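Working notes, structure below.
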Amino acid sequence: MIGTRLDDIDAPRLIRSEHGWWFIGNQTWTLLRPECVGPDGTMDATTTGFLHRTGAFRPRLPASFSLTVLTTTTCNLGCGYCFQNTGLDDTGGARPPRIRRAWLDTDTVERIITFARDRMRRAELDRLYLLLFGGEPLLNPRGCLSLLDRARAIGLDQSAMTTNGVLLSPRLARELYEAGLNGVQVTFDGSRADHDQIRVKRSGAPTFDAILRNVARATEVTGLNWNLRVNVSHHNVDRIANLVGELAADLSPERCTITFAWVGDAGFGYRNTMRHIDDVSDAFASWSIAALEAGFRMVRPSMRTICHICSEPGGRYGAVVNADGHLFSCWQSAGKPGFEVGTVDEGYLDVTSVPERWVRCGYEYEQPDLTLADTFQDRVDGRLLDYLYTSGRL
């Protein structure tokens, strides 16, 4: 989830394997023999005791306060599935209507830093994780640089940016890196041929080569690490396999993590008609394996996770702030009229008075959920773990 999720929170998983069962726990991947798990998914007492002793069930509190800031809500692209669109372009072009324009200025940066310092003190956290978000954050580079600079004063530890990459020049990449930016996520919508029909400028112009070139040049002049998110839908699923080679030809795979992601339905007319069927889950796993063999990094399968920003009403361990200083419960609702949950000046509204505004991402589990449901993600992760195990990479 872009940067606000933690992978060590409290919901282990059991996944079927060719070799038995994979138990995915608190930063652990344990291959269990078939006899360790009963037909109903219940592990035997010896196995359960061993996993408890090794800390596989242990929940951990966040070490950092997670702050997501939208530097602007405007965007230079016109992706039809964007969750910040308010509708589809009724002319069939690439100019869908979007949420209201907001722009981060110097005064609002100071207000955000004051707010974050207070919230960190309340949470007894002295380290800050900062995510620069949008819209397209690089439409407001001054806001990005100002926020990074001021965040150092309150314990900036790690920082990342989610950008489409079209505006990321080598000079700007170097300035951001020197200001404290550690990682960048950019998105590809499949192979070049499909991407340039989906992820286009608002003029309709293609973006694949520009993004690839900008990432390659920024890698040469900075120590930035990259997460390459690959959005998958019925529009591009047939040619995703071509993408790994296209990326490897121009990028430094050892500096890049690839994440294959299902494009969700935006709720206003866009609909991903791809279905959770066996051949699609096999394809996701095959793309991941191909990326590993090409030298790219992959995020290893993790526990079911919750977001520390939105999972606890009132934002104890994190906050999402729009460019105008309004607070939102989650990046998914940020900037949407009627979903404000406070301001950086006044703090959070009483959550009991606005429960319908507290949008949440991810999952919540009071107890570990070790059911045997063969979900789409379980099938993908099971194949990936089997590959990592048999190839000696785990």
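The values are calculated or read from the model by the stated rules, or taken from the named source; none is laboratory data. Worth saying up front: this structure is predicted, and the values here are computed from it rather than measured. Because the Cβ atoms are built from the backbone with ideal geometry, glycine has one as well, and the counts that use them run over all protein chains shown. Surface accessibility is based on the protein's heavy atoms, side chains included, excluding ligands, DNA and RNA. Shrake-Rupley method; radii C 1.70, N 1.55, O 1.52, S 1.80 Å.
Of note:
- Bridge type composition, the chain - antiparallel percent by DSSP, nearest 5: 40
- Each 5 Å bin from zero up to the one holding the largest Cα-Cα distance in region 63-128 carries the following percent of pairs: 3, 15, 19, 14, 12, 12, 11, 8, 4, 2, 0.
- Residue-count net charge about Asp89 - beta-carbon cut-off 12 Å; Lys, Arg +1, Asp, Glu -1: +2
- HN-Hα J in Hz across region 259-271 - Karplus 6.51, -1.76, 1.60, θ = phi - 60°, x for Gly and Pro: 10, 8, 10, 6, 6, x, 6, 7, x, 10, x, 6, 9
- Cα convex hull of the chain - mean projected area over all directions, nm²: 19.4
- In the complete set of protein chains, residue-level accessible area for Ser329 is approximately 0 Å², probe 1.4 angstrom.
- Derived scalar couplings ³J(HN,Hα) [region 24-32; Karplus, 6.51 cos²θ - 1.76 cosθ + 1.60; whole Hz; x for Gly, Pro]: 9, x, 6, 6, 10, 9, 10, 8, 9
- Whole-number D in µm²/s for region 12-141 (Stokes-Einstein; Kirkwood sum over Cα pairs; 25 °C, 0.890 mPa s): 127
- The radius of gyration of the Cα set in region 140-202, together with its Dmax, comes out at 14.2, 45 angstrom.
- Environment charge of Ala291, counting only residues whose C-beta is closer than 14 Å and scoring Lys/Arg +1, Asp/Glu -1: +3
- Calculated [222 nm] ellipticity per residue, helices only, for the chain: -8500 deg cm²/dmol; basis is -39500 (n - 2.57) per DSSP H run with n ≥ 4, divided by all residues, nearest 500.
- Given in Å, the Rg to one decimal and the Dmax to the nearest whole number for the Cα atoms of region 177-228 are 12.5, 36.
- For region 198-287, the equivalent ellipsoid derived from the alpha-carbon gyration tensor has semi-axes of 25, 18, 11 Å in decreasing order.
- Using a cutoff of 8 angstrom between alpha carbon atoms and counting only pairs six or more residues apart, the relative contact order for region 121-184 works out to 41 percent.
- Cα gyration tensor shape of region 94-168, rounded if a/c is under 1.5, else prolate or oblate by comparing a/b with b/c: prolate
- Applying Stokes-Einstein at 37 °C and 0.692 mPa s to the Kirkwood radius of region 54-209, computed over alpha-carbon pairs, gives a translational diffusion coefficient of 192 µm² s⁻¹.
- All alpha carbon pair distances within region 120-277 were sorted into 10 Å bins beginning at 0; the resulting P(r) in whole percents reads 10, 36, 32, 17, 5.
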